[in-house]
Amino acid sequence: MPDSWLDLDPDAQFGPATLPYGVFSTASDPGPRVGVAIGEHVLDLGGTARALGAPFADTVAGPGLDALLAAGRPVWEQVRTALTAWLTDPVHADAVRPHLVDRSSVRLHLPFTVADYVDFYASEHHATNVGRIFRPDQEPLTPNWKHLPIGYHGRSGTIVVSGTDIVRPTGQRKPPTEPAPMFGPSVRLDIEAEVGFVVGTPSPMGESVPVDSFADHVFGVFLLNDWSSRDLQAWEYVPLGPFLGKSFATSVSPWVVPVAALEAARVEQPAQDPEPLPYLRGTRPWGLDLRLEVRLNGHVVSNPPFDQMYWTAAQQLAHMTVNGASLRTGDVFASGTVSGPEPDQRGSLLELTWSGKEPLRLPDGTERAFLEDGDEVVITATAPGPGGTVVHFGEVTGRILPAR
């Protein structure tokens, strides 16, 4: 990967290997527009494309990424090739420089229009921990777990961009010691550190998407925090699964890393036994070597490893469409909580505190079983890039406000 002609810090968060897409505005120009992060700058992609006469200028001229997502993989590759040249070949420096904005001065927005939202449950370590917590006298994994990627449909209208405050949800909850349910604010508010994927190229209803067609349909990858109310969830989820305990808010990072940036991060997933059915098998691995970090009020509480996920995103996409369900541009699907085999690799407070029985002790002397009002959670991640570079995903943050 060539270096940029920009004077980038060697440890710059967004180098030429990443080039993530987002939507930004500034105080002097409040109209949202498509941008690309490079070092401490944001490149106005539409303005640059117009100035240089790029054939895809109209595709990136809109207030969001929707048109680029819908344009398909050949255009995605064309845009990334042009961006790499513009930001690494000094011949383009004079033309590109006027379209760079200081990243610290921008406001970031939800980068695309969310269509549908599906959340999976793809970490064997997470599913096993949850099974042991809730069903200590039974097998932790349900009989179907290793045969198909389990998921549920979420609420796309409450997906919000990083930095949006999260109001503590209110609803019914029934502690085991109480004879009847009560109504009020959730007292077991949790996080779920996840990785999200956004669909660009749609598929027709009645057709399925093979595992090996993943990169033809999925545009990019981002971080996701699927906030969860464990007490609301515990009371409502039998027999149909997650509902109000999940639907109140899901936070996503503002920068979408293109799938093309993750070629060096592709790894074999953990061995699958029993062997999946043919529609869940591919010819190349789609495990991804992402390393997440979870901070609570500035303190690192977990480092979940994404390469340990039992089901890959490509398998999730294949399963999501095998019944003929169509894909739409802007569909989001998420990995489910990312957890590893070690206690400090668990991606939820439910696991980190073993359902509140083993509270976390933070360096400031306070303890947490679940989230309290005023708490702030920050999730970041990196992945290996070409030639020893590092791909950065930015961060997804959220602060808890009291129930209304």
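If I compute Cα Rg over 2.2 N^0.38 Å from the structure I just sent, which labelled value in (1) 1.36; (2) 0.99; (3) 1.17 lines up?
(2)
Defining a contact as two alpha carbons under 8 Å apart and six or more residues distant in sequence, what relative contact order in percent does the chain show?
Details: 977 pairs, mean separation 85.5, N = 404.
With pairs under 8 Å counted, the relative contact order is 21 percent.
Of the heavy-atom accessible surface of the range 347-401 (probe 1.4 angstrom), what whole percent is carbon and sulfur?
Numbers: 1070 of 2230 Å².
Carbon-and-sulfur percentage of accessible area, whole number: 48.
Can you list the residues, at least 5 places off or on another chain, whose amide H is less than 5 Å from the amide H of GLY35, using H built in the peptide plane?
GLY22, VAL23, PHE24, LEU45
Any chance you could look up the accessible area of GLU268 with a 1.4 Å probe, heavy atoms only, rounded to 10 Å²?
GLU268 has an accessible surface of roughly 140 Å² with all protein chains in place.
Just by accessible area at a 1.4 angstrom probe, what is the order of MET1, MET320, MET182 from largest to smallest?
On the way: MET1 90, MET320 40, MET182 65 Å².
The residues order as MET1, MET182, MET320, largest area first.
Would you calculate, for the chain, the mean residue ellipticity at 222 nm contributed by helices, counting each DSSP H stretch of 4 or more residues as -39,500 (n - 2.57) and dividing by all residues, to the nearest 500? Walk me through the numbers on the way to the answer.
On the way: 10 runs with 72 residues, N = 404.
Computed mean residue ellipticity for the chain: -4500 deg cm²/dmol.
Hey, could you get me the Stokes-Einstein D for the range 130-245, Kirkwood radius over alpha-carbon pairs, 20 °C and 1.002 mPa s, rounded to whole µm² s⁻¹?
On the way: Rh = 17.3 Å.
Estimated via Stokes-Einstein, D reaches 124 µm²/s.
Please give every one of the lysines within straight-line cross-link reach of LYS246, meaning a C-alpha to C-alpha distance under 18 Å, and leave out same-chain neighbours fewer than 8 residues apart.
Partners found: LYS174.
Could you do me a favour and compute the accessible area per residue for the range 200-331, 1.4 Å probe, result in Å²? Before the final figure, lay out the partial values.
Details: 5120 Å² over 132 residues.
Here the per-residue accessible area is 39 Å².
With unit charges on the beta carbons (Lys and Arg positive, Asp and Glu negative) and the dipole taken about the Cα centre of the range 1-109, which residue among PRO2, VAL42, TRP76 sits farthest to the positive side?
TRP76
May I ask you to rank THR113, THR389 by accessible area, largest first, using a 1.4 Å probe over the protein chains only? Display every interim value, and only then the final one.
Values: THR113 85, THR389 45 Å².
Greatest to least solvent exposure: THR113, THR389.
First select every other residue whose beta carbon is under 13 angstrom from the beta carbon of VAL60; then total the charges, Lys and Arg +1, Asp and Glu -1. Present the calculation step by step, with values, prior to reporting the outcome.
Working: positive: ARG33, ARG50, ARG80; negative: ASP44, ASP58, ASP66.
So the environment of VAL60 carries a net charge of 0.
Quick one: Karplus J couplings for the range 392-404, per residue in order, coefficients 6.51, -1.76, 1.60, θ = phi - 60°, nearest Hz, x for Gly and Pro?
Karplus-based 3J(HN,Hα) across the range 392-404 equals 9, 10, x, 8, 10, 10, x, 10, 8, 9, x, 4, 9 Hz.
Return the carbon/sulfur percentage of the accessible area of the range 270-314, one whole number, probe 1.4 Å, all protein chains in place.
Values: 970 of 1980 Å².
Carbon and sulfur together cover 49 percent of it.
Of the DSSP beta bridges with both residues in the chain, give the percent that are antiparallel, rounding to the nearest 5.
On the way: 61 of 69 bridges.
Expressed as a percentage, antiparallel bridges in the chain total about 90.
The values are calculated or read from the model by the stated rules, or taken from the named source; none is laboratory data. Worth saying up front: this structure is predicted, and the values here are computed from it rather than measured. Cβ atoms come from the backbone with ideal geometry, glycine included; neighbour counts cover every protein chain shown. In case anyone asks, the SASA skips ligands and DNA or RNA and just uses the protein heavy atoms, side chains included. Shrake-Rupley method; radii C 1.70, N 1.55, O 1.52, S 1.80 Å.
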